[in-house]
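The values are calculated or read from the model by the stated rules, or taken from the named source; none is laboratory data. Quick caveat: nothing in here was measured; it's all calculated off a predicted structure. Quick reminder, even Gly has a Cβ in these numbers, built from the backbone with ideal geometry, and neighbours come from all protein chains shown. In case anyone asks, the SASA skips ligands and DNA or RNA and just uses the protein heavy atoms, side chains included. Shrake-Rupley method; radii C 1.70, N 1.55, O 1.52, S 1.80 Å.
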Amino acid sequence: MTTVLLIGGGGREHALADSIDRSPLLTKLYAAPGNPGIARLAECVALNPGDHDAVVGFARSHDVDLVVVGPEAPLVDGLADSLMAAGIACFGPSAKAAMLEAAKEFARDFCARHHIPQPGYAPFDDIAEAKAYVRGRFNGGACVIKADGLAAGKGVVVAEDEAEAFAAIEMILGDANFGGASLVVEDRIHGTEASLFAVVDGPDAVMIGSAQDHKRAYDGDKGPNTGGMGAVSPAPALTDDALATAWRDVVEKTAKGMAAEGMPYRGFLYAGLMLTDSGPQVIEFNCRFGDPEAEVVLPRLKSDLLSAMLTATSGGLGHVDFRFDPQVAVTVVMANGGYPGAYETGGVITGLEDDQPGTMVFHAGTTAKDAAITATGGRVLAVTALGDDQAEARAKAYARVKTITWPGAFHRSDIAAG
Ligand code: GLY
């Protein structure tokens with residue numbers, strides 16, 4: 001008998017709600033704020049995750065047994081700490097542990113201390129020193145510049161040359177609005193990207209799946225970076241060998257290292273990897289599930305996610321073993337045209353009712369208005385399908401996408417095409 005409060009209202013949280021809803025342990029699911037898709041599974045409540053007293057008060061007054069935090073911002077802001085201090089179980093890392101995502105220099109230094117494979121890097125808080133490092137280390141200036149702190153996806157610049165690198169350094173260190181405090185300059189590494197997801201409780205970690213997302217806005221990996229325009233699970237490029245190496249050298253070392261340093265990690269850990277010729281290297285960590293990766297990883301999960309999360313909050317994760325559907329999952333994100341830049345909102349979505357077996361439509365940026373569902377976010381829906389192989393899953397996902405539309409709808413046509 002378990003009452004759960006899920007924090008968040010995007011596609012990731014809809015996928016989490018779907019998995020939690022499948023658990024026989026669930027008695028009641030609340031979501032704050034939720035969305036119209038989640039509202040079919042949960043009672044949506046208006047709670048500001050930044051108001052920790054309000055979240056604690058709600059959890060107490062509604063006999064919530066477990067709070068699951070979807071997005072990174074409330075975690076970095078210490079929501080898990082506030083809940084734990086109030087004696088309320090929370091699945092999501094403490095603010096200190098969430099520094100693995102929020103503090104780039106901390107994460108790089110942590111990996112260095114624990115011999116976790118990663119690119120060369122150096123931290124800077126001075127514009128001239130950062131530029132001198134770029135000029136001295138990189139012939140031509142190609143490198144990666146990362147702002148410290150959360151920057152809503154705008155804090156990472158993959159610079160092609162010195163001019164781009166210098167512009168990024170000036171933008172980050174010279175702009176008080178950007179945080180302005182510090183950045184990390186990293187070597188550019190080459191290979192195929194893949195992401196690995198784990199449920200972590202202190203030194204213990206259990207694999208929940210892998211995925212590859214498509215970050216660029218347009219076909220052919222062109223256009224600006226987005227939160228992700230589609231994904232496939234398992235990650236096609238992650239061979240069994242690479243998976244075993246990444247698990248041992250990245251995830252296990254991270255869980256054990258954080259625990260050993262007195263910052264035990266609890267929650268989803270997202271390891272963004274580059275599969276290089278010399279093995280997997282960490283591009284970044286995130287302290288939450290990926291979006292839209294959750295929309296392909298979670299539909300393949302056969303085991304009880306809620307049970308695993310409850311076990312993680314009471315220290316028995318070593319006994320959890322996830323089972324997966326052998327099928328491949330593909331998700332195609334339907335967005336408002338213009339995303340990730342400015343876009344029109346409010347188009348009425350049609351075709352949502354046309355259920356097709358083996359497909360799921362996760363709401364990411366929708367609003368219920370009168371009797372209609374409108375497209376109000378940048379990313380609006382994540383349309384997922386399972387298939388015996390990638391081609392079948394992709395064909396089914398796109399067949400479902402074809403049935404859904406609204407004025408201004410936009411999607412990539414080459415997700416999982418490779
Ligand atoms: N899809 C990338 C992310 O969730 O960060």
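The amide H of residue 226, built 1.01 Å from its N in the peptide plane, has 216, 217 as neighbours under 5 Å, considering only residues 5 or more places off or on other chains.
Applying both filters, DSSP loop and at most 16 other Cβ atoms within 10 Å, to the trypsin sites (Lys or Arg not before Pro) of region 337-409 eliminates every site. Around the amide H of residue 346, modelled in the peptide plane, lie the amide H atoms of 375, 376, all under 5 Å away and 5 or more residues distant in sequence or on another chain.
With a simple spin-label model that places each label point 7 Å from the Cα along the Cα-to-Cβ direction, the separation between residue 60 and residue 277 comes to 6.1 nm. Using a ≥ b ≥ c from the Cα gyration tensor of region 156-292 (square roots of the eigenvalues), is it rounded, prolate or oblate, where a/c under 1.5 gives rounded and otherwise the larger of a/b and b/c decides, a/b for prolate? In terms of gyration-tensor shape, oblate.
Round to a whole number: what % of the accessible area of the chain belongs to carbon and sulfur, probe 1.4 Å? Roughly 51 percent of what the probe reaches on the chain is carbon or sulfur.
The alpha-carbon atoms of region 20-99, seen along their principal axes, cover 34, 23, 22 angstrom, with the largest extent given first.
Rounded to the nearest 0.05, the FRET efficiency derived from the C-beta distance between residue 325 and residue 125 at R0 = 60 Å is 0.80.
So if we plug the beta-carbon distance of residue 314 and residue 244 into 1/(1 + (r/R0)^6) with R0 = 30 Å, what FRET efficiency do we get, rounded to 0.05? Computed FRET efficiency for residue 314 and residue 244 comes out at 0.55. Residue by residue, region 342-350 carries 3J(HN,Hα) couplings of 6, 8, 7, 10, x, x, 7, 8, 10 Hz when phi is fed to the Karplus relation 6.51 cos²θ - 1.76 cosθ + 1.60 (θ = phi - 60°); x denotes Gly or Pro. Distance from the alpha carbon centroid of region 185-246 to that of region 312-380 works out to 19 angstrom. May I ask you to list the residues of region 85-127 whose amide nitrogen lies under 11 Å from a point 7 Å from Cα along the Cα→beta-carbon direction of residue 260? 113-116, by backbone N distance to the label point. Residues in region 143-149 carry Karplus couplings, in order, of 6, 10, 10, 10, 6, 6, x Hz; the curve used is 6.51 cos²θ - 1.76 cosθ + 1.60 with θ = phi - 60°, and Gly or Pro positions show x.
Which shape class applies to region 177-254: rounded if a/c is under 1.5, otherwise prolate when a/b exceeds b/c and oblate if not, where a ≥ b ≥ c are the square roots of the Cα gyration tensor eigenvalues? The shape class here is oblate.
From the P(r) of region 362-411, can you give the percent of Cα pairs sitting at distances over 13 Å? So the portion of pairs separated by more than 13 Å is 62 percent.
Please compute the per residue accessible area over the chain with all protein chains in place, 1.4 Å probe, rounded to a whole number of Å².
40 Å²
One chain, two ends: residue 392 and residue 167. Fully extended at 0.36 nm per residue, the span grows by 76.6 nm beyond their Cα-Cα distance.
Placing a label point 7 Å from the Cα of residue 1 along the Cα-to-Cβ direction, the residues of region 23-43 whose backbone N falls under 20 Å from that point are 23-30, 43. The calculated FRET efficiency for residue 28 paired with residue 85, based on their beta-carbon distance and R0 = 30 Å, is about 0.80.
Highest mobility in the GNM of the chain, judged by mean-square fluctuation with C-alpha springs under 10 Å and restricted to 308, 393, 371, is found for 371. Taking the inverse of the mean 1/r over every pair of distinct Cα atoms in region 127-220 gives a Kirkwood hydrodynamic radius of 15.3 Å.
Between amide H atoms placed 1.01 Å from N, distances below 5 Å from residue 301 occur with 325, all of them 5 or more places distant or on a separate chain.
In terms of its alpha-carbon gyration tensor, the chain comes out rounded; the largest-to-smallest axis ratio a/c stays below the 1.5 threshold. The relative contact order of region 213-312, computed from alpha carbon pairs under 8 Å that lie at least 6 residues apart in sequence, is 25 percent. Helical content alone sets the calculated 222 nm signal of the chain at -7500 deg cm²/dmol, taking -39,500 (n - 2.57) per DSSP H segment of four or more residues and averaging over every residue. In units of the rule-of-thumb radius 2.2 N^0.38 Å, region 309-371 shows an alpha carbon radius of gyration of 1.74. Working note: Karplus 6.51/-1.76/1.60 with θ = phi - 60° gives region 109-126 the couplings 5, 4, 4, 4, 4, 10, 6, 8, x, 7, x, x, 7, 8, x, 9, 10, 10 Hz, where Gly and Pro are set to x.
Once the chain from residue 403 to residue 109 is taken as fully extended at 0.36 nm per residue, the excess over their C-alpha distance is 101.0 nm.
Here the Gaussian network model covers the chain, with springs between Cα atoms less than 10 Å apart; of 270, 218, 133, 133 fluctuates the most.
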